[in-house]
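> Take this structure first; my questions come after.
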Amino acid sequence: MTTDTTLREIFTATKVIAVVGYSANTDRPSHMVAKFLQGKGYRVIPVNPGLAGQSELGETVYADLASIPDGIAVDMVDIFRRSDAVPEITREALEHLPSLRTVWMQIGVANAEAAELAEQAGKTVVQDRCPKIEMPRLGL
């Protein structure tokens, strides 16, 4: 169970967020959340293989987490993918993002295997929640 204190710590410590499953469609939740986070001052790195190389929200879209250049210190991955895809995304994040602190799974997304992988690596895990909902709820 993720406490409000933990959520506040995540939002304070995080500077760069990779949004896995980002959509260019402005009606999609992944787009709305990415834009919201960017509006809160976070650098948002869109991740979507179908949009790789394009520019979205002023950032280059990457095909996967492994494609994000080493110079971009990603603190958090925000995952908009089916729950069964999350373990592989988590493995990739742990392998390729040395600055990673948090693995965040969006509303409707939860995976015990991925959570265990991330927690064993010392990362904070949030499941089945949305930062666009949690930040205003916490007054952030």
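Where a number appears in this text, it was derived from the coordinates with a stated rule and is not lab data. All values derive from a computational prediction rather than experimental measurement. Using ideal geometry, Cβ is built from the backbone for each residue, glycine included, and neighbour counts are taken over all protein chains shown.
> So, counting K/R as plus one and D/E as minus one, what does the shell of residues with Cβ under 15 Å around Ala112 add up to?
With Lys, Arg at +1 and Asp, Glu at -1, the neighbours total -3.
> Evaluated at 25 °C with a viscosity of 0.890 mPa s, what Stokes-Einstein diffusion coefficient in µm²/s does segment 97-140 have when Rh comes from the Kirkwood expression over alpha-carbon pairs?
For these conditions, the coefficient is 220 µm²/s.
> Please report, to one decimal in angstroms, the Kirkwood hydrodynamic radius of segment 14-140 built from all distinct Cα-Cα pairs.
It works out to 14.3 Å.
> Among Met135, Gly71, Ser55, which residue has its Cα furthest toward the positive end of the charge dipole of the chain, with +1 on Lys/Arg Cβ and -1 on Asp/Glu Cβ?
Met135
> I've got another one for you. Quick one: putting +1 on the C-beta of Lys and Arg, -1 on the C-beta of Asp and Glu, what dipole do you get for the chain around its Cα centre, in Debye to the nearest 20?
Roughly 500 debye for the chain.
> If I model a spin label at Thr12 and Thr26 as a point 7 Å from the Cα along the Cα→Cβ vector, what separation in nanometres do I get?
Rounded to a tenth, the inter-label distance reads 3.6 nm.
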